[in-house]
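> Supplied in structure tokens, the structure appears directly below.
All of the numbers you see were taken from the coordinates with simple rules; none came from a lab. From a predicted model like this one, the values you see are computed outputs, not experimental measurements. Reconstructed Cβ throughout: ideal geometry from the backbone, glycine too, with neighbour counts over all protein chains shown.
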Amino acid sequence: MDLLTTLPNHFEVLAILVMAAVTYSTRIIGYALLSKVKLSKRVRYVLEASPCCVMISIATPYFITSDLKMLLSLGFAVLIALKFNFAVTVIAAVAFNGLLHHLPFLS
Amino acid sequence: MIKDCLATEIKRGLLTVMPMIIGIVPLGLILGAQASHQGMATVTTVMMTALNFAGGSEFAVIALWEAIPPILVIALTTFLINSRHIIMGATLAPYLKDQSPLRIAFIYFLMCDENWALNLLEIQRKTKENYSQVFSFAFYLTVGLSLYISWSLSAFIGSTLASLIGDLKSYGFELACPATFISLTFGMWPKKQGLKKALPILGAATAAAIVSFSLNQAYAVGLGALTGLIIAFFTAPK
């Protein structure tokens, strides 16, 4: 399948429109709310906690695998992420995994 | 009272956003390549980046993408990842009182982590230096549009190159997505703030692991995050 010339199907277009609408709503809700009610302390606390909860929920399932190369690379990514910034972590993890794929004794 | 002219604001905007562009382009390339790897067509990828313009949610949604995408899960994931915008938007609101409704609508369309952060820094600086107008629409637009164009364009290039390269797995690209979120998790981790603040995150991870082990990955994100939010709600300080 040539991804360059393929057009999205109806479901894909719908999914993206829903996604865009949801994202825009998150952007404008803060403005809309502030002119009416004040966010309670508890709600602010939950909202502040939410991004990291989401990020870790996306990362965790990758660890549920029996693929040794994947597990080694994920462990490597964790070690790098503890010390280095975002760009370094991604590039180092990709390079490490690429290297594992080309090591003869692992394949 | 100081007020800078339009050209000065635009020039300062470009200079301020430049380092961010250097960071955002590789990320857009990775996103585009990752999207192609997942079978997302180039047009679809560009459409997503141009209409949605929120990187974190796009990486997550690509991981969930299928020929018939799970729309509810996508909507929930997008909302949860982008819910931080609500707080960001509220912080920006007091400075937009003089703007027209149409401008405000567009300002919020372009609000992303980077644009928000750079503009709040600029607002703080101008407040300190006694400017008559602390929010500059020209500066905001320059920074926002530069990020917007770089993001969509680099995603387009990434997607195109990926289709030429073919399978990215053997080059290690399957690590781009998880490494992104591992790094973002550590970046957002509430450091030195005690176990209580980390509880929701640890709860989310545990729930996500259990769900992906026993159900599937698509539900793990939503249910994991929801678990975290519930824990946060009940452990919030009085």
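> So, how do all the Cα-to-Cα distances of the stretch B:190-238 break down into 10 Å bins, in percent, from 0 on up?
Histogramming the stretch B:190-238 at 10 Å steps yields 31, 44, 21, 3 percent.
> Could you name the lysines in cross-link range of B:LYS238, using Cα to Cα under 16 Å and dropping any fewer than eight places away on the same chain?
A:LYS41, B:LYS196, B:LYS197
> At a Cα cut-off below 26 Å, give the lysines reachable from A:LYS69, other chains included and same-chain residues fewer than 8 away excluded.
The reachable lysines, counting only those whose Cα sits under 26 Å from A:LYS69, are A:LYS83, B:LYS169.
> List the aspartates and glutamates whose Cα lies under 14 Å from the Cα of B:LYS126, skipping any in the same chain that are fewer than 8 positions away.
Within the straight-line limit of under 14 Å, B:LYS126 reaches these aspartates and glutamates: B:ASP4, B:GLU9.
> Now for a separate question. Work out, in µm²/s and without decimals, the Stokes-Einstein translational diffusion coefficient of the stretch B:18-81 at 4 °C, 1.567 mPa s, Rh from Kirkwood over C-alpha pairs.
The estimated diffusion coefficient comes to 107 µm²/s.
> Starting from the alpha-carbon convex hull of the protein assembly as shown, give the projected area averaged over all orientations, in nm².
18.9 nm²
> Same structure again: Would you list A:PHE11, B:PHE156 from fewest to most Cβ contacts within 10 Å?
Ordered from fewest to most neighbouring Cβ atoms within 10 Å, A:PHE11, B:PHE156 come out as A:PHE11, B:PHE156.
> Just grab the label-to-label distance for B:LYS196 and B:LYS3, each label 7 Å out from Cα along the Cβ direction, in nm (one decimal).
4.8 nm
> Once both labels are modelled 7 Å past Cα along the beta-carbon direction, what's the B:LYS11-B:GLN124 spacing in nm?
2.6 nm
> In percent, how large is the relative contact order of the stretch B:190-238, given Cα pairs closer than 8 Å and 6 or more residues apart?
40 percent.
> Counting pairwise Cα distances across chain B, what percent come out greater than 24 angstrom?
Distances greater than 24 Å cover 53 percent of the Cα pairs.
> Extent of the stretch A:10-106 along each principal axis, from alpha carbon coordinates, in Å, largest to smallest?
Result, largest extent first: 63, 39, 24 Å.
> Going by C-beta contacts inside 10 Å, put A:HIS101, B:HIS85, B:HIS37, A:HIS10 in order with the fewest on the left.
Ranking A:HIS101, B:HIS85, B:HIS37, A:HIS10 by Cβ neighbours within 10 Å, fewest first, gives A:HIS10, A:HIS101, B:HIS37, B:HIS85.
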